[in-house]
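Input: a single structure, listed below in structure tokens.
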Amino acid sequence: MRLFIVAFLVVAAAISTNALYLQNAPRLAGNAMRGAPEPERTAGATASLPKQDAAISAATAPPAPALLDPADSARPPSVSRAPAKLIKAIQRELSDRGYSAGEANGLLGLQTRAAIIACEFDEDMPLTGEASEAVLKSLIFGKAAGKGKPGPAGRFERRLELVGEVRQMLLALGFDPGPSDGRLEAKTREAIRQFESARHLQADGRLTERVLLEIVIATGRPLNAGPGRGARTSLAESGRSE
């Protein structure tokens, strides 16, 4: 009888334990399916948002000023595509007419290119600083044929349309020449000084053939200002900038 009671109690305990387990099993399974609570967002989880904002800002930001490479101002003479015979002839003609072209060695160095700029200006040609048949013909048959030594460097500053184009190119290169009526004002001279410093030139704020050549080299295009475009163009451009 005693053994029967003990066996009954053991069976009853087992049944109770099994019933409790079956009740908790679905709850445990549900928790397992749902997983752990979702963690709070961290800085890493939202890192994509600042990146998107940065991309939008970069796309809408104004273009950065063109970078100046000081190495451009020391380009070797060998980069010229003009034959040495043509360069030497131009150098001789330039020197005969008072332009400082340096030695007639057939090499298109910076001194020769600056002298070509001065000649092109006097001949009302686009300012390129390159040796060409057109430059040689102008020296022989053009206005420069009857010229003596060129006038002072200030002659560049007296042509309003040239000053206006120089201002536009300085602005494109990241230098602020300020509003102007075409004349070389203090703000424009300061921009020229900054440009000269960037090109490792003596910073005196004067518009010389060397400064014009460096602008042509830095921008990669000639200065096309010439007579006929006149002060009206410069004044109109100045009115828009103001």
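Annotations
- Of the residues screened, LEU213 is not one that is at pLDDT 85 or above and open to solvent by 30 Å² or more (accessible area, probe 1.4 Å).
- The set of residues in the stretch 182-200 that are part of a loop (DSSP other than H, G, I, E, B) and surrounded by 17 or more Cβ atoms within 10 Å (Cβ to Cβ) comprises GLY182, LEU184, ARG199.
- Here GLU130 fits the description: modelled with pLDDT of 95 or more, among the charged types (D, E, K, R) and either outside any helix (DSSP H, G or I) or open to solvent by 40 Å² or more (accessible area, probe 1.4 Å) (or both).
- Between GLY146, GLY154, the distinction of being closer than 19 Å to ARG206 by Cβ, at pLDDT below 80 and either surrounded by fewer than 19 Cβ atoms within 10 Å (Cβ to Cβ) or of a type outside the set (Ser, Thr, Tyr) (or both) belongs to GLY154 only.
- Residue match in the stretch 83-91 (condition: of a type in the set (Val, Ile, Thr) and at pLDDT 90 or above): yes
The values are calculated or read from the model by the stated rules, or taken from the named source; none is laboratory data. Owing to the predicted nature of the structure, the values given are computational and were not obtained by experimental measurement. Counting neighbours? That spans all protein chains shown, and the Cβs are built from the backbone with ideal geometry, glycine included. Each accessible area value is taken on the protein alone, full model and side chains, heavy atoms only, with ligands, DNA and RNA left out. Shrake-Rupley method; radii C 1.70, N 1.55, O 1.52, S 1.80 Å.
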